[in-house]
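Working notes, beginning with the structure itself.
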Amino acid sequence: MNKISQKIRSATAQLSKLYKPSLLLVKSVLIASAAVTISLMGARQLGILEPLELSAYDQMLRMRPDAKPDSRLLVVGITEADIQKLKQWPISDRKIAEILQKLEKMQPAVIGLDVLRDVPLGDGRDELSKVLQKSDKIIGVCLVTDGNPDSPGSPPPPGISENRVGFADFGVDPGGILRRALLFMKPPKIEGNSTVEKHLCNDNSQVLASFNLQLALHYLQRQKIYPQLAPDQSLWLGKTQFKQLESNDGGYSNADVRGYQILINYRSRRNLANQVRITDVLEGKVDPNLVKDKIVMIGYTTETVKDFFYTPYSGRRQDKQFMPGIVAHGQVVSQLLSAVLDNKPMFWFWPEWAEILWISGWSIVGATVASRMAHPAKLVVTFGSLLLGCGACGFGIFLLGGWVPVAAPALGLIITGGSIVSADRFNKAGYGKVISDRVKQVFKIEIDQAKKEQQVAEITESDFFKELQQKKDKLRVSKKETAQPAPSQLPEITASAAELPNAESEADEYLAQLHRKAKQQKQRAQATASESGSKTGVNHTENGASSGETKPDEGFGDLQAKAKQMRQRRAAQKKIEDQKIDSLTDKEDGGKNEE
């Protein structure tokens, strides 16, 4: 078991050494992609990326192939040539009534009159009113107020019933580009002025359907398809749900989505449907098969009348930058019919969490590629291919009916890859290590200083330190009291210090006397020994000498011991006196300094 556990540990250590660089790489890639994704989502919420996303939407719409003309529609345009030929401006009520009668004889499914007739124009006012009252196939238009008393809106034509009126207003994006359609709305309330004439399109109590929605609903009634509102207030036509556009759907950021709006799915930039002129209708040149069971739409197509819009197709075009209002309404009608009858999908959008994953995924791809490639040329080519791939994926989803962010993931790919490359070059140059070391040193100094201050604070706040402070104060007070000695004591100390040399001389004299006495006693002992030796013989002399020498030597040894003790005492006494003199001198100097 021990051998197996050792093998497992060694294998684990080898794997950790092998995968440690990979783990560091994954960590750096994830951190960089997360930071970039959060920054891009914040920029989207602030609306910074909205112009880029809308431009990408317009470009994808222009790149998408046009669908064939919608055979269910017929556009009757009032052109500049018609105005010149009829020599009327505006077209009179009589001519409008005549056109409506001729078209109705051809049995259309519904006729939409996108011409304001709120005031009489020329002759034939009564004739027009009778035609509008008798027919149940004609849909008129009005303009909704914006809530300003100076813009009260335009009422519908006279004599037409309210259920056959639709508003002609569109909601345009910044820059005047038409991308959204209003299906129904509630007119805003006019504030501060009660003298404005009330009509259907400025009545705040009414919920109005749009002109294009009214045409589609009347056409679908022939096929027994009626509108329904679900509990979540979404519009259903048959089995098709028309989801309301949210403020952050697609590339929008906090868009104004009041009312019930959808994103316009344009059918074609030029050939929406068959188109004829009103002079062709008046002269009987229109094929009845183009009118029978069709949605016929009458409106101005000349630029003389300011009823035109910029569209996503207007970009980078010098001619035909504008789309007439009647054609724009036809685009919405065709979209509604295609969704209900042809099962053509409406535009759909991802939820926010899916968009976050989409952007972060491309950011991770950019960071991974940048960390794996070192050659600049290969890196540029690879990133160019990735950007094309990102755009291709977004365009493929767009062809399927989905609008997902394109600019944000492309920016995430570039920014994350660029940050990884810059960080790698920065670290290889050694700047990263130098900066990190300095930052660590600064933080270490700050931490040590903070720790030191904390320790000092703990010591100063302790009871032991407070007791030491009190003792210090007491010692300082006592030192001040004893620092200066009394004047009467100074002469005595000085006198005793002056007497020290006399004491030292007396001790020396005493030692000299002891030496003299010892020498004299030694001489006496020698003389005594010589005398006794001559009387008793040699042996006796040796014994007597040895015994006689013992006593004098013993006495001399005692004298030497006493002399040595005397020297030690004198040295000790001298040392004590020197210390007293030094301490006295220090006290005097301290007293002078305090003074």
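The values are calculated or read from the model by the stated rules, or taken from the named source; none is laboratory data. Everything quoted here is computed from the prediction, not taken from an experiment. Cβ coordinates were reconstructed from backbone atoms using ideal geometry, including for glycine residues, and neighbour counts include every protein chain displayed. Surface accessibility is based on the protein's heavy atoms, side chains included, excluding ligands, DNA and RNA. Shrake-Rupley method; radii C 1.70, N 1.55, O 1.52, S 1.80 Å.
A cut-off of 5 Å between modelled amide H atoms, ignoring neighbours fewer than 5 places along the same chain, links ILE138 with ILE111. Applying 0.36 nm per residue to the separation of ALA354 and VAL119 and subtracting their alpha-carbon distance, the gain on full extension is 79.4 nm.
Put simply, the convex hull of the Cα atoms in the stretch 357-403 casts, on average, a shadow of 3.3 nm². 3J(HN,Hα) along the stretch 106-122: 8, 6, x, 6, 7, 10, x, 9, 8, 9, 6, 10, 6, 10, x, 10, x Hz, from the Karplus curve 6.51 cos²θ - 1.76 cosθ + 1.60 with θ = phi - 60°, whole Hz, x for Gly and Pro. Extension gain, LEU46-TRP236: 0.36 nm per intervening residue step, less the Cα-Cα distance, totals 65.1 nm.
Largest to smallest in accessible area, the residues TRP362, TRP403 fall in the order TRP362, TRP403 (1.4 Å probe, all protein chains included).
Protection proxy ranking for 323-336, 138-151, using the average of other Cβ atoms within 10 Å per residue and placing the highest first: 323-336, 138-151. The overall shape of the stretch 173-266, judged from the alpha-carbon gyration tensor, is oblate: a/c is not under 1.5, and a/b is no greater than b/c. Between SER247 and LYS134, full extension at 0.36 nm per residue minus the direct alpha carbon distance yields a gain of 36.4 nm. With the Cα gyration tensor of the stretch 26-121 giving a ≥ b ≥ c as the square roots of its eigenvalues, does the rule (a/c under 1.5 for rounded; else a/b larger than b/c for prolate; else oblate) give rounded, prolate or oblate? In terms of gyration-tensor shape, prolate. The residues VAL131, VAL26, sorted by heavy-atom accessible surface at 1.4 Å with ligands and nucleic acids left out, run VAL26, VAL131 from largest to smallest. Computed from phi, the 3J(HN,Hα) profile of the stretch 301-311 under the Karplus parametrisation 6.51, -1.76, 1.60 (θ = phi - 60°) reads 10, 8, 7, 4, 8, 7, 10, 8, 9, 6, 10 Hz, with x in place of Gly and Pro. Starting from the amide H of ASP123, placed 1.01 Å from N in the peptide plane, find each other amide H under 5 Å away whose residue is 5 or more places distant or on another chain. Here the answer is ASP93, ARG94, since their amide H atoms fall under 5 Å of that of ASP123.
Return the FRET efficiency for the residue pair GLU283, SER161: r is the Cβ-Cβ distance, R0 is 35 Å, and the value is rounded to the nearest 0.05. Step by step, r from the Cβ atoms, then E = 0.65. Computed from backbone phi with θ = phi - 60° and the Karplus coefficients 6.51, -1.76 and 1.60, the 3J(HN,Hα) list for the stretch 152-165 is x, x, 10, x, x, x, x, x, 8, 6, 5, 6, 10, 10 Hz; x is used for glycine and proline.
For the stretch 349-385 and the stretch 212-274, compute the distance between their C-alpha centroids and round to whole Å. The stretch 349-385 and the stretch 212-274 have Cα centres spaced 36 Å from each other.
Rounded, prolate or oblate: which fits the stretch 213-311, taking a ≥ b ≥ c as square roots of the Cα gyration tensor eigenvalues, rounded meaning a/c under 1.5, else prolate when a/b beats b/c? Because a/c hits 1.5 or more and a/b fails to exceed b/c, the stretch 213-311 counts as oblate.
Residue-normalised convex hull volume from the C-alpha trace of the stretch 110-253: 154 Å³ per residue. Amide H of SER154: which non-local residues (sequence gap of 5 or more, or other chain) have their own amide H closer than 5 Å, using H built in the peptide plane? Close amide H contacts, sequence-distant or interchain: LEU143, VAL144.
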